[in-house]
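> Structure in structure tokens, see below.
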Amino acid sequence: MDKTQLLVVVGGLLFSIGLAGIVVRRNALVMLMCMELMLNGVNLTLVSFAQRTATSEGAVLVFLVFVVAGAEIAIAIPILLLLARARKTLDVQAYAELKG
Amino acid sequence: MKLLLIPLLPFAGFVINGLVGRRLGRAFVSVVGCGLPLVSFALALLSFRELSAGGTPLVEVVYTWAAFGGQPFEVAFQFDRLSAVMTLIVTGIGSLIHVYSTGYMKDDPGYGRYFAYLNLFLFFMLLLVLGKSLLVLFTGWEGVGLASYLLIGFWFEDADKARAGKKAFITNRVGDAGFLLGMFLLYQAVGTLDMQAIDAAFASGSPPAVSASLVGILLFIGACGKSAQIPLHVWLPDAMAGPTPVSALIHAATMVTAGVYMTARLSPIYVLAADASHVIATVGAATAFFAATVAIAQNDIKKVLAYSTISQLGFMFVAIGVGAYGVAIFHLYTHAFFKACLFLGAGSVIHAMSGEQDVRKMGGLARRIPVTFVTFAIATAAIAGIPPLAGFFSKDEILWFALGSASGGSPLLFAVMAVTALLTAFYMFRLLWLTFFGAPRMSAEASHHVHESPASMTGVLVVLAVGSAVGGFLSIPHYLEPMFALPALKEGVESLEHPVVYLSVAIALTGLAGAWHVFGDLRRAEALRARFAAVYGVLAAKYYVDELYDALLARPLTWISKKVFLDLGDRALIDGTLDGMARLARRTAGVLARVQTGQLQLYLLLALAGVVGSLWWTSHV
């Protein structure tokens, strides 16, 4: 197994751990962190392939992802703050108003 | 143009009074409502003069409605001698009754609506009598049915009156089915609905290849409905729920005679159809006799007159049945006068009695309302057949041809009609006696209110009474002879002509004497009724025909409609299917709605499962 393969597997693992975290954890803050984990799994994959193919597009794309992730957190944290203030909890199961 | 205007003017009256009559006030409605029919009458007189001068029928083609097959379907009017007689009766007596209505309906809130309907009726009736094609006649035929329905149910707030209107309309549908089938057969056989062409085809040496008797009987079924013959007579007595002038115009003088007019108009068919003619004579005689017996036992002044009308229509159909078409129209014409006079007189009596129609609560009115009394008495004598009043001439001729006609006349038919004539005289004089003679039997308050009707009503009564008195001197059968030859007489009956005349005079006088004797002293009438209580009960209940129809037709139909069509068809099948589909959708949705827990993580898990599943599927399948 060469280095790139190893890195891609690690990226996939990071993504899977993040996804599993989002699905199973109930704390909204932890879910946000897991989301970051998924984004970084993707980033790792992007730079690995950029390294392998000796091109720069993948590396550039990583910066784009960083920006998007930063913007997302900047909005998500205040939302969570407001939710926590309204309900006194960060448990997502408490937010089930759209139940059918 | 003139012929078109005759029906169109009353139609204009209908439109004007119907649309703006309410807003323009009673005077305006009266002028439009009476004026336009009077102009129509004047136009009819002008056309009549033209017809007399030229001798050939006036024909006016207004519009070609459809052109296919051999002959186009045209809206065309024809004014020949028969149409002339009918048009003059309809517009003349119609106008008189319009004038009478201005007095009778004076205080009714629906004044404008009433005149609109009455004008609408005249429009359709004139279409009926002027139409050259059976199609135009049929349009008028249905239209007068509509106007009759609207006017019977004129006071529709009263559920019984509205129901009487429906009964008339529905009973007529039965007859119309026969009429339509007859028309279809005629069109198939002759290829046109133009009545002159049909008559010519049947009168020619080689008649169309269709059973004249079948066509004749089908058309007669239609005539039965409109002209209230057994078994479709049940609607006419109930039709008395309408305002009295309506009963006079529609249910005595004009509309109910449409069947007689139609059969006379198509008489060449009946000349060929001996079987159909026998049926007509038999039904006519049975109806005349049956209705006359019922009329004896009725206590409602209008019901007596209604059964009398049915009976007189039976007389007309007997004349048709024995081939004396001109005589039938003659009786139609005299009947229009005296029966209109009787109904309007009854209206005047009801007016005087503040709405009371029961003759048991009348009596002694002769001095109190003299004009009504005199005109009513003249009309009564006319219908009873006392010479030289109008009814005598026409009824005598019917009796004569019932005996002597070579096509269907027989001693039995004559005997039935003679007895019926006796009954007619009896029940009419009974009505006269109970209403106008004897001691007053009304309450003191009603007696206090008794008053003679206004001039608009009594004037019309006088005109009609004069018509009933002298109308018989105008020999309609002679006038119509170019169209309807009188039937050939049987051999050896010529010598009986004078005895028949004497007999019919004797019959009328016997009826008068009998009624005088029995009802001159009411104790005698009471004793007679007690002795024949069973017979009286059957007659008073009108032979239980309504009850019979109710048990045989109405109730089974209601049962089938309710149990089969409503419960099984509508509720179980149609509603059940729709409800079932709705229930299925709701239940499925209920199951699926459980997925919508509102839990973000569940959605995510499901989405993930979906992505994994579809990835797996695309890579393995």
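The values are calculated or read from the model by the stated rules, or taken from the named source; none is laboratory data. What you see is a predicted model, and the numbers here were worked out from it, not measured in a lab. Cβ coordinates were reconstructed from backbone atoms using ideal geometry, including for glycine residues, and neighbour counts include every protein chain displayed. Surface accessibility is based on the protein's heavy atoms, side chains included, excluding ligands, DNA and RNA. Shrake-Rupley method; radii C 1.70, N 1.55, O 1.52, S 1.80 Å.
> May I ask you to list the residues in the range B:161-171 that are closer than 20 Å to B:VAL260 by Cβ and open to solvent by 10 Å² or more (accessible area, probe 1.4 Å)?
Once the filter is applied, which keeps residues that are closer than 20 Å to B:VAL260 by Cβ and open to solvent by 10 Å² or more (accessible area, probe 1.4 Å), the range B:161-171 yields only B:THR171.
> Inspect all residues belonging to the range B:269-292 and state whether any of them is out of contact with any Phe, Trp or Tyr (no Cβ under 9 Å at 6 or more places or on another chain) and more than 30 Å from B:ALA415 (Cβ to Cβ).
no
> So which residues in the range A:57-79 are closer than 15 Å to A:CYS34 by Cα and in contact with a Leu (Cβ under 8 Å, 6 or more places away or on another chain), if there are any at all?
Within the range A:57-79, A:ALA69, A:ILE73, A:ALA76, A:ILE77 meet the criteria.
> Here's something else I'd like to know. Could you tell me whether the range B:59-70 includes any residue that is outside any helix (DSSP H, G or I), of a type in the set (Asp, Glu), over 14 Å from B:PRO7 (Cβ atoms) and in contact (Cβ under 8 Å) with a residue 40 or more places away in the chain?
No, the range B:59-70 contains no residue that is outside any helix (DSSP H, G or I), of a type in the set (Asp, Glu), over 14 Å from B:PRO7 (Cβ atoms) and in contact (Cβ under 8 Å) with a residue 40 or more places away in the chain.
> Out of B:LEU127, B:LEU218, report the one residue that is open to solvent by less than 40 Å² (accessible area, probe 1.4 Å), farther than 30 Å from B:TYR114 by Cβ, in a helix (DSSP H, G or I) and modelled with pLDDT of 90 or more.
It is B:LEU218.
> Considering only residues that are farther than 18 Å from B:GLN196 by Cβ and surrounded by 17 or more Cβ atoms within 10 Å (Cβ to Cβ), which ones fall in the range B:45-61?
B:PHE48
> Confirm whether B:TRP141 is open to solvent by 10 Å² or more (accessible area, probe 1.4 Å) and either on the phi > 0 side of the Ramachandran plot or in contact (Cβ under 8 Å) with a residue 12 or more places away in the chain (or both).
Considered against the rule, which asks whether it is open to solvent by 10 Å² or more (accessible area, probe 1.4 Å) and either on the phi > 0 side of the Ramachandran plot or in contact (Cβ under 8 Å) with a residue 12 or more places away in the chain (or both), B:TRP141 comes out as no.
> Let me ask you something else. Of the residues B:PRO268, B:PRO245, which is touching an Asp or Glu at 6+ places or on another chain (Cβ under 9 Å) and assigned to a helix (DSSP H, G or I)?
Only one candidate qualifies: B:PRO268.
> Taking the condition of being closer than 25 Å to B:SER95 by Cα and in a helix (DSSP H, G or I), how many residues in the range B:443-468 meet it?
Of the residues in that region, 14 qualify.
> All but one of (1) closer than 14 Å to B:HIS98 by Cβ; (2) touching a Lys or Arg at 6+ places or on another chain (Cβ under 7 Å) hold for B:LEU9; which doesn't?
Failed condition: (2).
> While we're looking at this one, here's another question. Take B:SER277 and tell me if it is modelled with pLDDT of 90 or more and open to solvent by less than 10 Å² (accessible area, probe 1.4 Å).
Here the answer is no, as B:SER277 does not meet what is asked.
> With respect to B:ALA506, is the statement that it is modelled with pLDDT under 90 and either over 22 Å from B:PHE393 (Cβ atoms) or surrounded by 11 or more Cβ atoms within 10 Å (Cβ to Cβ) (or both) true?
no
> Further, regarding this structure: Looking at (1) over 12 Å from the mean Cα position of the chain (by Cα); (2) free of Cβ contacts under 8 Å to residues at least 60 places away in the same chain; (3) in a helix (DSSP H, G or I), can you tell me which one B:PHE156 breaks?
(3)
> Turning to a different aspect of this structure: Is it the case that the range B:496-511 has a residue that's free of Cβ contacts under 8 Å to residues at least 12 places away in the same chain, over 27 Å from the mean Cα position of the chain (by Cα) and under 19 Å from B:ALA324 (Cα atoms)?
Scanning the range B:496-511, I find at least one residue that is free of Cβ contacts under 8 Å to residues at least 12 places away in the same chain, over 27 Å from the mean Cα position of the chain (by Cα) and under 19 Å from B:ALA324 (Cα atoms), so the answer is yes.
> Looking at the structure I just gave you, is B:TYR261 over 21 Å from B:THR424 (Cβ atoms), modelled with pLDDT of 90 or more and part of a helix (DSSP H, G or I)?
Yes; evaluated as a whole, the condition is true for this residue.
> Tell me, yes or no, whether the range B:418-428 has at least one residue that is open to solvent by less than 10 Å² (accessible area, probe 1.4 Å), at pLDDT 90 or above and in contact with a Cys (Cβ under 7 Å, 6 or more places away or on another chain).
Taking every residue of the range B:418-428 in turn, none turns out to be open to solvent by less than 10 Å² (accessible area, probe 1.4 Å), at pLDDT 90 or above and in contact with a Cys (Cβ under 7 Å, 6 or more places away or on another chain).
> While we're looking at this one, here's another question. Among the residues of the range B:437-453 satisfying the criterion of being in contact with a Ser or Thr (Cβ under 9 Å, 6 or more places away or on another chain) and either modelled with pLDDT of 90 or more or over 22 Å from B:THR380 (Cβ atoms) (or both), which is least open to solvent (accessible area, probe 1.4 Å)?
Out of the qualifying residues, it is B:ALA446.
> Something else about it: Out of the range B:353-382, which residues are part of a helix (DSSP H, G or I), open to solvent by 20 Å² or more (accessible area, probe 1.4 Å) and without any contact (Cβ under 8 Å) to a residue 60 or more places away in the chain?
B:ALA377
> Also: With the structure loaded, tell me whether B:PHE401 is of a type outside the set (D, E, K, R), modelled with pLDDT of 90 or more and open to solvent by 20 Å² or more (accessible area, probe 1.4 Å) or whether it fails that test.
no
> Taking the condition within 14 Å of chain B (Cβ to nearest Cβ), in a helix (DSSP H, G or I) and open to solvent by 70 Å² or more (accessible area, probe 1.4 Å), does A:ILE22 pass?
It is false that A:ILE22 is within 14 Å of chain B (Cβ to nearest Cβ), in a helix (DSSP H, G or I) and open to solvent by 70 Å² or more (accessible area, probe 1.4 Å).
> Checking B:ALA415 against (1) at pLDDT below 90; (2) more than 16 Å from B:PHE343 (Cβ to Cβ), which single condition isn't satisfied?
The number of the failed condition is (1).
> Would you point out the residue of the range A:9-19, among those that are buried (at least 17 other Cβ atoms within 10 Å of the Cβ) and touching a residue at least 24 places away in the same chain (Cβ under 8 Å), that is nearest to the other protein chains (Cβ to nearest Cβ)?
So the residue we want is A:PHE15.
> For A:GLY41, state whether it is open to solvent by less than 40 Å² (accessible area, probe 1.4 Å), within 14 Å of chain B (Cβ to nearest Cβ), touching a residue at least 12 places away in the same chain (Cβ under 8 Å) and not charged (D, E, K, R).
no
> Among the listed residues A:ILE79, A:ILE75, which satisfies the condition of being among the β-branched types (Val, Ile, Thr), within 14 Å of another protein chain (Cβ to nearest Cβ) and open to solvent by 80 Å² or more (accessible area, probe 1.4 Å)?
Within the list A:ILE79, A:ILE75, the selection yields A:ILE79.
> Which residues, counting only those in the range A:82-100, are open to solvent by less than 60 Å² (accessible area, probe 1.4 Å), away from every other protein chain (no Cβ under 13 Å) and not in a helix (DSSP H, G or I)?
A:THR89
> Does A:LEU46 qualify as being surrounded by fewer than 16 Cβ atoms within 10 Å (Cβ to Cβ), away from chain B (no Cβ under 14 Å) and farther than 21 Å from B:ALA607 by Cβ?
No.
> Condition first: surrounded by 12 or more Cβ atoms within 10 Å (Cβ to Cβ), at pLDDT 85 or above, of a type outside the set (A, V, I, L, M) and farther than 23 Å from A:LEU98 by Cα. Can you find one or more residues in the range B:583-597 that meet it?
So far as the range B:583-597 goes, no, none of its residues is surrounded by 12 or more Cβ atoms within 10 Å (Cβ to Cβ), at pLDDT 85 or above, of a type outside the set (A, V, I, L, M) and farther than 23 Å from A:LEU98 by Cα.
> OK, next. Within the range B:460-475, identify whether any single residue is closer than 19 Å to B:LEU305 by Cβ, surrounded by 24 or more Cβ atoms within 10 Å (Cβ to Cβ) and touching a Lys or Arg at 6+ places or on another chain (Cβ under 8 Å), and answer yes or no.
No, the range B:460-475 contains no residue that is closer than 19 Å to B:LEU305 by Cβ, surrounded by 24 or more Cβ atoms within 10 Å (Cβ to Cβ) and touching a Lys or Arg at 6+ places or on another chain (Cβ under 8 Å).
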